[in-house]
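Asks: Dropping the structure in here first, questions after.
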Amino acid sequence: MLLNFLRKLHGIYSALVFVVVVLLLFCPLLIIAPGLPLRRAIGRFTVRTWLLFSFIPFRVRGLENLPNERTLVICNHASYLDGLLLTAALPARFTFLVQHGAGEWPYVGRVIRRMGVSFVNRESPREAAKATKALIDRVKAGESFAIFPEGTFRAAPLMLPFQPGAFVIAGRSGAKIVPAVIRGSRTLLGEGARLCSWAPIEIECFPAMQAGDDSRAAADALSASARAVMLANSADGDAGDWTPPPFGTRS
C-alpha cells in the first residue's frame, strides 16, 4: 500500500514538473527560437531536464552505431512518451514522423511543427503512399528520420507487426537502417496510464544494416532482420499475427 502511494505521489509530482518545465518554461522558448537546429537542441534539453527533475534515470547507448550519412532509426513503440524520449536521445539531424492530426492540436501542435516533424496520414492508403514517395526523395537528398514501424502500441508487453514503409524507403533510397530499442517506457506511461509510474529508461542503438536492393523482398528481409535484433534486445515478446489497424492509429 505504501509503495502504491509513493508511486502515485511520484506520478503527480512528475506531471507537475512536466507542466512547469516543458509546457510553461521551455515550449514558449522553443516556439520563438530561430533556426531548426536550435529548436531541436532546446527540445532535447527540455526532455532531459524533465527526466532529471522527475528523478527518472535516463541512459543512451550505441550512438556510435549511427552512420554519418542518411539513416533511418527504427524503434519499438511502447508508450505515449516514446517520441519525446527518442528526441532526447538522437542527434538533432533526425526528423520524426507524426500522425497528421497531431499538428492541429492546440499549443502542442504548434510546438511539434516548430520541431520540424513530418506528418503522415496512416489511415489513408493513398495519402500514405504519397508520403512514402516524398520521404524517399527526401532521404535520397540526405535527410535522416526516426520511425516507429509498429505504428501504434498496446498495454501488453508485445512488439506488434512492422509496417513496411520504413524498409521500402530504406531500400529505394539506399539509406541504412539502425534498429533501436526503448526499455522501460511502457512502465513509465503505457497505454491507458494517466500518470507516470517511475521506471528507469534506457535507449540503445544497434549496428546499421542495409537492404540488398530496392525490391519488396529485400525490404521484407531487412524488416525481419531488424525486428529480430529488436526482439532479442527488448523486454517485449512477439505479438505474432496480431493485425494492426490500417496504417496505424498513433504516431
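The values are calculated or read from the model by the stated rules, or taken from the named source; none is laboratory data. Just so you know, these numbers come straight off a predicted model, no measurement behind them. A quick note on method: Cβ atoms are made from the backbone with ideal geometry, for glycine too, and the neighbour counts reach across all protein chains shown.
Asks: Within the range 39-67, how many residues are surrounded by fewer than 16 Cβ atoms within 10 Å (Cβ to Cβ) and in a loop (DSSP other than H, G, I, E, B)?
Replies: Qualifying residue count, the range 39-67: 3.
Asks: Only residues that are under 22 Å from VAL139 (Cβ atoms) and either without any contact (Cβ under 8 Å) to a residue 60 or more places away in the chain or in a loop (DSSP other than H, G, I, E, B) (or both): list them for the range 97-109, please.
Replies: Passing the criteria: HIS100, GLY103.
Asks: Against the conditions (1) buried (at least 20 other Cβ atoms within 10 Å of the Cβ); (2) at pLDDT below 90, where does GLU104 fall short? Just the number, please.
Replies: Looking at each condition in turn, GLU104 falls short on (1).
Asks: Among the residues of the range 68-87, which ones are in a loop (DSSP other than H, G, I, E, B), more than 8 Å from the chain's Cα centre (by Cα) and surrounded by 14 or more Cβ atoms within 10 Å (Cβ to Cβ)?
Replies: Selection gives ARG70, ALA78, SER79, TYR80, LEU81.
Asks: Have a look at VAL17, VAL47, VAL22, VAL111 and point out the one that is touching a helix residue (DSSP H, G or I) at 6+ places or on another chain (Cβ under 7 Å) and closer than 27 Å to MET159 by Cα.
Replies: Going through VAL17, VAL47, VAL22, VAL111 in turn, just one is touching a helix residue (DSSP H, G or I) at 6+ places or on another chain (Cβ under 7 Å) and closer than 27 Å to MET159 by Cα: VAL47.
Asks: Hey, can you tell me all the residues within the range 116-165 that are crowded, with 18+ Cβ neighbours inside 10 Å, among the hydroxyl-bearing types (Ser, Thr, Tyr) and part of a loop (DSSP other than H, G, I, E, B)?
Replies: Across the range 116-165, the qualifying residue is only THR152.
Asks: What pairs come out if I take residues in the range 150-175 that are over 10 Å from SER223 (Cα atoms) and modelled with pLDDT of 90 or more and pair them with residues that are of a type in the set (Gly, Ala, Ser) and not in a loop (DSSP other than H, G, I, E, B) whose C-beta lies under 6 Å away, six or more apart or interchain?
Replies: Correct list of pairs: GLY171/ALA218; GLY171/ALA219.
Asks: Now, a different point. Out of ALA131, ALA92, I need the residue that is free of Cβ contacts under 8 Å to residues at least 40 places away in the same chain and aliphatic (A, V, I, L, M). Which one? Give the steps one after another, and end with the answer.
Replies: Details: ALA92 fails: free of Cβ contacts under 8 Å to residues at least 40 places away in the same chain.
Result of the check over ALA131, ALA92: ALA131.
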